[in-house]
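What follows is a short report on a single structure.
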Amino acid sequence: MISLKQNPATFLRSRGVALLTAIGLGAGILFVSMHPAHSSEAAVVVAPPALDEPVNGAHQETAVLAGGCFWGVQGVFQHVNGVTKVVSGYAGGQAQTAQYETVSGGQTGHAESVQITYDPTKITYGKLLQIYFSVAHDPTELNRQGPDSGTQYRSAIFPANDMQKHIAQSYIAQLDKAHAFPAPIVTRTDSLKGFYPAESYHQNYLTLHPDAPYIAINDLPKVENLKRLFPAAYRDKPVLLSVTSQQ
């Protein structure tokens, strides 16, 4: 499958050899400076869902969403008030194939996903979906997002229960009926067979590597769009994942 990302393990191991050489870093900075940052998936203002979960006292819930490369999606939701943890990982396939190199082949059924833990008294499932559709990705792109293509980059929601499934399907129908996007929404609602955390080098990637050209071009603008379009939901300091807490 086609991706303009490098293998992150190789990327991180080689930062002192290739990407952080004077030539590599200089070329990356020059490219970004000559091309003002803009996300491949432009933000779209969408109405909140007409149907949302009831608020019944403080507790934690989880949501699993897929919207292209998990670096940017994790980075967006780490800046959302009410979110307490965001893990990059894989959903849609089997446990034995939940490794980056295998998933990247596009044949495992997995999608690069994030698992969001949140307090519904501060941010509801419906509000998370509004952010997901508005700034985190483009829900009209089939089996791709921006520069990356393959089923592992598909737009998909993995409901944790029937209520989440009903909210997600109702919201997709609402947005399509309102013609919120210039093309039909292709986001799937798939059964959650399991969520498998990604390798540690994927976690907090946007925060740890803001100068990487891929992040600067494709993902940082999403965080800026979150701040601009959802100021009440935005938190400046991201809630980062402790590597020891990802399993």
- Message: Checking Lys227 against (1) surrounded by fewer than 20 Cβ atoms within 10 Å (Cβ to Cβ); (2) over 22 Å from Ala43 (Cβ atoms): exactly one of these is not met. Which one?
- Response: (2)
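Taking the options Ala173, Ala168, name whichever one is free of Cβ contacts under 8 Å to residues at least 12 places away in the same chain, assigned to a helix (DSSP H, G or I) and of a type in the set (A, V, I, L, M, F, W, C). Write out each step before concluding.
Details: Ala168 fails: free of Cβ contacts under 8 Å to residues at least 12 places away in the same chain.
The unique qualifying residue is Ala173.
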- Item | Failed condition for Val114, given (1) touching a residue at least 60 places away in the same chain (Cβ under 8 Å); (2) within 21 Å of Glu61 (Cβ to Cβ); (3) under 16 Å from the mean Cα position of the chain (by Cα) | (1)
- Item | Of residues in segment 148-185 being within 22 Å of Phe77 (Cα to Cα) and touching a Lys or Arg at 6+ places or on another chain (Cβ under 8 Å), the one surrounded by the fewest Cβ atoms within 10 Å (Cβ to Cβ) | Pro159
- Single condition Tyr132 does not satisfy, out of (1) surrounded by fewer than 24 Cβ atoms within 10 Å (Cβ to Cβ); (2) under 19 Å from Gln78 (Cβ atoms); (3) among the hydroxyl-bearing types (Ser, Thr, Tyr): (1)
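Can we say Ser191 is under 20 Å from Gly92 (Cβ atoms), modelled with pLDDT under 95 and of a type outside the set (D, E, K, R)? Give the derivation first.
Working: under 20 Å from Gly92 (Cβ atoms): yes; modelled with pLDDT under 95: yes; of a type outside the set (D, E, K, R): yes.
Yes: the conditions hold for Ser191.
The values are calculated or read from the model by the stated rules, or taken from the named source; none is laboratory data. Remember, predicted model here, so these are calculated numbers, not experimental data. Methodologically, a virtual Cβ is constructed for each residue, glycine included, from the backbone with ideal geometry; neighbour enumeration extends over all protein chains shown.
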